[in-house]
Amino acid sequence: MCTAIALHQCVPGVPLLLGFNRDQLLTRTSLPPLVKYERLSTLAPTDIRSGGTWLGLNEAGLLVAIVDHFRPRRLGGHSRGQLVSAILGSCHDPQSAAEVLSQEPFRQYAASTFLIANKDLGLIVSWHDVMKVEKVEPGLTVIVESGVNRKRVARCQYHRRNLSHKEYPLSEAVRRMGSALSEHDSCKLLSSTTCCHSKRSGTLCSQIVALGSTLESNKFFYADGPPCRTSYEEYEIPFLRQETGGILSS
Ligand SMILES: [Zn+2]
């Protein structure tokens, strides 16, 4: 499944706050966030099977996340995780990342929804029956396996009821996002809640990323397990860079 929850222009000083649960087969292992030094340095966890990632943040302040779409089933053949890594390693902004995606033979990948954002712009690129690009609207956006803000998906409605757009400072907004990502109440089936569990699959890890109004205020939190029983740790982002191009810290 996977669930991405975005709060756009809801947190003072934070244009976008993203929460993301990675749901996978329990046997699908990954590495916690590491820095990769490509043309653009990236902080991202690694899917060991593909060598790519499902979510990352690069030194230009570009955030890319991908949610699997359950339909239509396509055999794929191309690795989406490697594509996300390639975008993070080379693109400075959402427009250029969307341009890269528009040039890919998307039907040769499994169907997906990408969220691509920096502090100025958020885009949702859907690779379903057709390719579609939309802006992330101010307020709450929930991306699940059947698309964006789905009225019939219980956890979409749950977050619309419970994650109000009231402005909270970042620390409180992060706490509330972590609580939302840990929820088991939206559905009677534990396999369909935001933090999901079943015999063979479930939420393997969770991320919260804050895109601040400056690059040095970006924050990256990671829970190396289901968030209902795993604490988030803040990861240092060692490659912060000013828009002018100078490295601030390492
Ligand atoms: Zn759980």
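Here are the numbers:
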{"read-out": "Residue within segment 152-169 that is away from the ligand (no atom under 12 Å from the Cβ), closer than 21 Å to Val64 by Cβ and more than 19 Å from the chain's Cα centre (by Cα) present", "value": "no"}
{"read-out": "Tabulated pairs, segment 224-235, first under 17 Å from Thr194 (Cβ atoms) and more than 13 Å from the ligand (Cβ to nearest atom), second of a type in the set (Gly, Ala, Ser) and not in a strand (DSSP E or B), C-beta under 6 angstrom, 6+ apart or interchain", "value": "Tyr232/Gly178"}
{"read-out": "Check on Thr46, buried (at least 23 other Cβ atoms within 10 Å of the Cβ), within 15 Å of the chain's Cα centre (by Cα) and at pLDDT 95 or above", "value": "no"}
{"read-out": "Subset of segment 129-165 [touching a residue at least 24 places away in the same chain (Cβ under 8 Å), of a type outside the set (A, V, I, L, M) and either in a loop (DSSP other than H, G, I, E, B) or more than 13 Å from Thr113 (Cβ to Cβ) (or both)]", "value": "Asp129, Glu137, Pro138, Gly139, Glu145, Ser146, Arg155, Gln157, Tyr158, His159, His165"}
{"read-out": "Filter pass, Leu163 being at pLDDT below 95, closer than 27 Å to Asn58 by Cβ and out of contact with any Cys (no Cβ under 6 Å at 6 or more places or on another chain)", "value": "yes"}
{"read-out": "Filter result (over 12 Å from Phe20 (Cα atoms) and either of a type in the set (A, V, I, L, M, F, W, C) or assigned to a strand (DSSP E or B) (or both)) within segment 208-222", "value": "Leu211, Leu215, Lys219"}
{"read-out": "Flag if Val100 is within 17 Å of Glu38 (Cβ to Cβ) and among the β-branched types (Val, Ile, Thr)", "value": "yes"}
{"read-out": "Single match in Cys195, Cys205 (criterion: touching a residue at least 40 places away in the same chain (Cβ under 8 Å) and assigned to a strand (DSSP E or B))", "value": "Cys205"}
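Results for (1) in contact with a Leu (Cβ under 6 Å, 6 or more places away or on another chain); (2) not aromatic (Phe, Trp, Tyr), shown as yes or no for each residue.
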| residue | (1), (2) |
| --- | --- |
| Val14 | yes, yes |
| Tyr37 | no, no |
| Thr46 | yes, yes |
| Asn58 | yes, yes |
| Gly61 | yes, yes |
| Ile66 | no, yes |
| Gly77 | no, yes |
| Arg80 | no, yes |
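The values are calculated or read from the model by the stated rules, or taken from the named source; none is laboratory data. It should be emphasised that the depicted structure is a prediction, and the values quoted were computed from it without experimental measurement. Neighbour counts run over all protein chains shown; Cβ positions are idealised from the backbone, glycine included.
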